[in-house]
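Here's the structure, in structure tokens; my notes come after.
The values are calculated or read from the model by the stated rules, or taken from the named source; none is laboratory data. Model, not experiment: these values are computed from the prediction. Don't worry about glycine lacking a Cβ; one is built from the backbone with ideal geometry, like all the others, and counts go over all protein chains shown.
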Amino acid sequence: MNTGTLERQLEKALNDRHSSPGLSVLRSTIQFHSSSLFPLFRWQVHLSDGSAPVYALKQVNGLQMTLSEADGLAMLATHGARTPSVVGVLSASDDAAEGPASKREMGSEGGADRQGVYYLAMQFIEHRAVDRLLAKEDLLGSLQRLYSFSAEAFGYQRFNYVGSLEQRNGLHVTFEEFWWQDRIQPMLALCQSMGRLRGLAEVRIEQTIHRCIERLDLASERPTPVHGDLWSGNVLFSGSEAYLIDPSVAYSLPEQDFAMLELFGSPLTMDDYRSLRDIPVDLLKRRIEFFQLYPLLVHVALFGGSYERQALQLLERIASA
């Protein structure tokens, strides 16, 4: 990692954000912090104005994936969710500092990503003793603001990623078009191309999705912004605050986020979900189960193994419900 290269690009990104440019980096220190799908570094920077901010550097091997995450965080923040503030997209080389030109490189269609090492530079969220009650209220506040916005169409205006997998997006008039064409069908096809879930007939899955959408009255709902990959690991608690990270955004339905939370140890309860969605609890539970198919397909594609069995069992349950 070339610290000097990153410092020069950080200076450009910071000065582009300030009305009075002239900031320079005096010195900085980068330390490895953690790793899941992607390595994360802690970057202590000393600036010429006397400040010493700490940034998180998330290392990603692809420009489009890095820009996509920056875009998703900006979308969530625009609609009132608490997220780490983004400084910019930096490159391991000097030729790709984040700025207007870089953002134009993010198109609406997927395809081959520009390979190379890129970094998403953003606010570093310091670990602080968590006040569980206040932090949970903060999370609910973010979600309440997020889901209070009503969009004109389902989907999203550009492709993005869920985990390390490319996620198709378009804008759709109906929820069913979005959910089948941009979520279930492409992920099922990816799984089957890997030799997984080959016993499933696509036409029968499409019929099951159609019947579930009718039974659960999903076609009557309006699209709202969602995080799209809201498992508990993508909620970062610090003191009395809850930050949403690693989004996979779209205009969908809140139950999509609830479903992901419920799969992997949610900090919220059914009463909390009902405070965000005023519908009968039985209907809410059935919707959550329906929405769990997509993240299970994602995990089948990423990991295989027991997730394949879980996906098959869930399909049986929702088909017979």
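General remarks:
- Filter pass, Tyr119 being more than 24 Å from Ser240 (Cβ to Cβ) and not assigned by TED's automatic domain parsing to the domain that holds Ser35: no
- Of the candidates Asp113, Asp95, the single residue that is acidic (Asp, Glu), more than 30 Å from Thr208 (Cα to Cα), modelled with pLDDT under 95 and within 20 Å of the chain's Cα centre (by Cα) is Asp113.
- Yes/no for Val130 being surrounded by fewer than 19 Cβ atoms within 10 Å (Cβ to Cβ) and β-branched (Val, Ile, Thr): yes
- The listed residues are Ala52, Ala81, Ala56, Ala70, and the only one of them that is surrounded by fewer than 19 Cβ atoms within 10 Å (Cβ to Cβ), closer than 30 Å to Lys136 by Cα and either acidic (Asp, Glu) or at pLDDT 95 or above (or both) turns out to be Ala52.
- Hey, Phe41 modelled with pLDDT of 95 or more, of a type outside the set (A, V, I, L, M), surrounded by fewer than 18 Cβ atoms within 10 Å (Cβ to Cβ) and within 26 Å of the chain's Cα centre (by Cα) or not: no
- Subset of region 42-52 (residues that are of a type outside the set (D, E, K, R) and free of Cβ contacts under 8 Å to residues at least 40 places away in the same chain): Gln44, Val45, His46, Leu47, Ser48, Gly50, Ser51, Ala52
- Selection status of Leu236, outside the structural domain of Pro84 (by TED's automatic domain parsing), within 25 Å of Gly62 (Cα to Cα) and part of a loop (DSSP other than H, G, I, E, B): no
- Residues in region 289-321 that are among the hydrophobic types (A, V, I, L, M, F, W, C), more than 20 Å from Asp182 (Cβ to Cβ) and out of contact with any Gly (no Cβ under 9 Å at 6 or more places or on another chain): Phe303, Ala319, Ala321.
- Output for region 176-198, where each listed residue is outside any helix (DSSP H, G or I) and either surrounded by 19 or more Cβ atoms within 10 Å (Cβ to Cβ) or in contact with a helix residue (DSSP H, G or I) (Cβ under 8 Å, 6 or more places away or on another chain) (or both): Met194, Arg196, Leu197, Arg198
- The sole residue among Ser248, Ser240, Ser252, Ser266 that is within 23 Å of the chain's Cα centre (by Cα), under 21 Å from Phe38 (Cα atoms) and surrounded by 14 or more Cβ atoms within 10 Å (Cβ to Cβ) is Ser248.
- Within this structure, Asp272 passes the test of being in the same structural domain as Asp182 (by TED's automatic domain parsing), assigned to a helix (DSSP H, G or I) and not β-branched (Val, Ile, Thr).
- Restricting region 164-212 to residues that are small (Gly, Ala, Ser) and over 19 Å from the mean Cα position of the chain (by Cα) leaves a set whose member that is nearest to Leu67 (Cα to Cα) is Ala189.
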